[in-house]
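See below for the structure under consideration.
The values are calculated or read from the model by the stated rules, or taken from the named source; none is laboratory data. Here the structure is a predicted model, which is why all the values come from computation and not from measurement. Neighbour counts run over all protein chains shown; Cβ positions are idealised from the backbone, glycine included. Just the protein is used for accessible areas: all its heavy atoms, side chains included, with ligands, DNA and RNA removed. Shrake-Rupley method; radii C 1.70, N 1.55, O 1.52, S 1.80 Å.
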Amino acid sequence: MAPSAKTTPHAVPAAALVLVPESEREVDRIAERCRRLVNRRAMLSAGAAVVPLPGFDLMVDVGVLTRLLREINQEFGLTPAQIDALAPKKQFTVYKAINALGASAVGRLITRQVVAMVASSVLRRVATKATVRYVPLAGQALAAGISFATLKTLGDRHVADCVRVASNAIDINDLDDRATRR
């Protein structure tokens with residue numbers, strides 16, 4: 001590693017880093033890509049809900065949601081490693097936006113504990129799904145629908161949080177740039 005390279009606890013090769021979007025148009029494109037990803041993953045979750053193995057759907061949901069949140073953060077340039085690679089002023093701006101909006105999984109290392117915290121808001125749906133899935137046919141269809149809706153809700157909420165953080169960071173940078181030019 002070059003002596004000038006920044007070493008962080010979340011080190012990732014520089015080529016793998018995507019920076020925080022610089023324009024609202026870029027934020028919109030990323031958000032649309034992420035919403036399509038959320039829909040695909042929600043379908044995967046729904047498919048797992050019809051498998052008649054106890055706990056299988058929950059295991060799949062946690063794995064899918066963990067990976068989904070990581071991928072969305074990465075698309076927006078909001079993983080810990082990506083934020084650490086930013087210039088100090090930009091880091092401050094991004095962390096300020098994250099804290100101001102209270103976005104729970106944005107900019108965080110996504111662990112099962114973070115997923116549990118994010119999913120706690122839809123815990124009632126998960127409990128209902130676990131109960132109804134043992135009713136033949138109709139129960140499995142209902143469980144699949146609940147799985148889809150739950151994962152889609154959580155994924156869309158996270159995309160919206162990332163959009164707010166990225167947009168807020170852009171707005172703060174624009175204000176700083178205007179103030180510097182005066």
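Cβ separations smaller than 6 Å between residues 6+ apart or across chains give the following pairs from the stretch 161-182 residues that are open to solvent by 40 Å² or more (accessible area, probe 1.4 Å) to residues that are modelled with pLDDT under 80 and of a type outside the set (G, A, S): R164/L101.
Evaluating L78 against the criteria (1) touching a helix residue (DSSP H, G or I) at 6+ places or on another chain (Cβ under 7 Å); (2) at pLDDT 85 or above; (3) outside any loop (DSSP other than H, G, I, E, B) leaves one unmet condition, (3). Against the list (1) modelled with pLDDT of 85 or more; (2) within 27 Å of D171 (Cα to Cα); (3) open to solvent by 60 Å² or more (accessible area, probe 1.4 Å), the condition R67 fails is (2). Residues in the stretch 20-44 that are at pLDDT 90 or above and open to solvent by less than 30 Å² (accessible area, probe 1.4 Å): V27, I30, A31, C34, L37, V38, A42. Across the stretch 18-55, the number of residues qualifying as assigned to a helix (DSSP H, G or I) and farther than 15 Å from L151 by Cα comes to 10. Within the stretch 74-112, the residues that satisfy the criterion of being open to solvent by 20 Å² or more (accessible area, probe 1.4 Å) and more than 15 Å from the chain's Cα centre (by Cα) are D84, A85, A87, P88, K89, K90, Q91, F92, Y95, K96, N99, A100.
For the stretch 130-153, the candidate set comprises residues that are surrounded by fewer than 23 Cβ atoms within 10 Å (Cβ to Cβ) and under 19 Å from V114 (Cα atoms); within that set, the residue that is modelled with the highest pLDDT is K152. Within the stretch 62-80, identify whether any single residue is touching a residue at least 24 places away in the same chain (Cβ under 8 Å) and farther than 17 Å from G155 by Cα, and answer yes or no. Scanning the stretch 62-80 turns up at least one residue that is touching a residue at least 24 places away in the same chain (Cβ under 8 Å) and farther than 17 Å from G155 by Cα.
Taking the stretch 89-114 as the range and being in a helix (DSSP H, G or I) and modelled with pLDDT of 75 or more as the test, the residues that pass are K89, K90, Q91, F92, T93, V94, Y95, K96, A97, I98, N99, A100.
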